[in-house]
1. Taking the condition under 17 Å from Ala94 (Cα atoms) and over 14 Å from the mean Cα position of the chain (by Cα), does Lys66 pass?
2. Could you go through segment 44-55 and let me know if any residue there is surrounded by fewer than 17 Cβ atoms within 10 Å (Cβ to Cβ), of a type outside the set (A, V, I, L, M) and within 12 Å of the chain's Cα centre (by Cα).
3. Those residues that are modelled with pLDDT of 95 or more, part of a loop (DSSP other than H, G, I, E, B) and under 20 Å from Leu77 (Cα atoms), I need them from segment 9-40; list them, please.
4. Take Asp16 and tell me if it is surrounded by 14 or more Cβ atoms within 10 Å (Cβ to Cβ), in contact (Cβ under 8 Å) with a residue 40 or more places away in the chain, closer than 19 Å to Gly111 by Cα and of a type in the set (D, E, K, R).
5. I want to confirm something. Restricting to segment 56-71 and keeping residues that are in contact (Cβ under 8 Å) with a residue 24 or more places away in the chain and out of contact with any Phe, Trp or Tyr (no Cβ under 9 Å at 6 or more places or on another chain), which single residue is surrounded by the most Cβ atoms within 10 Å (Cβ to Cβ)?
Amino acid sequence: MIEMERLILRQWRDEDYPIFAQLNADPTVMRYFPELMTQEQSDAQAGRISKHIAKKGWGFWTVELKSSGEFIGFIGLHKQQEESGIPHAPLIEAGWRLQARHWGNGYATEGAKRVIRYAFEQLEAPEVYAYTPLQHMASHGFTWLHSV
């Protein structure tokens, strides 16, 4: 578990899965993804993420608001393998996906800064990458990530 000023990053719980499925079926949240996810696809993804955290101790942690305990999405790290086809792989990627109603509150920034610090300090990663489509202008403010 990682605690910050307003957020807690933690391992996944069964009760997170239905909310995560709603998030993954939201056209606003998934606008820049190839497609919306079904409940089954979402549950499978959450299961893989949870297993990775259980095995490695890090990954795409769930984001919980400290003030209410509400699950609002995930923020964390993922290792992209060389065969992923992503430039510079293998690499550690910082990523996040939050419910649209929680956008604009600085939660992604707060969480991303903390997980990047974790990558450098705990995982001794030489670099951390974050990717976003060119059309996703709201995430372009994260170009500072390389210098944290």
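1. No, not satisfied.
2. Filtering segment 44-55 down to residues surrounded by fewer than 17 Cβ atoms within 10 Å (Cβ to Cβ) leaves 44, 47-48, 51, 54-55.
Still in the list and also of a type outside the set (A, V, I, L, M): 47-48, 51, 55.
Now narrow it down to the ones that are within 12 Å of the chain's Cα centre (by Cα): none.
Within segment 44-55 (the criterion being surrounded by fewer than 17 Cβ atoms within 10 Å (Cβ to Cβ), of a type outside the set (A, V, I, L, M) and within 12 Å of the chain's Cα centre (by Cα)), the answer is no, since none of the residues qualifies.
3. Gln11, Trp12, Arg13
4. Considered against the rule, which asks whether it is surrounded by 14 or more Cβ atoms within 10 Å (Cβ to Cβ), in contact (Cβ under 8 Å) with a residue 40 or more places away in the chain, closer than 19 Å to Gly111 by Cα and of a type in the set (D, E, K, R), Asp16 comes out as yes.
5. Among them, the one singled out is Lys66.
The values are calculated or read from the model by the stated rules, or taken from the named source; none is laboratory data. Every value quoted in this text rests on a predicted model; they were computed, and no experiment measured them. Every residue, glycine among them, receives a Cβ derived from its backbone with ideal geometry; neighbour counts consider all protein chains shown.
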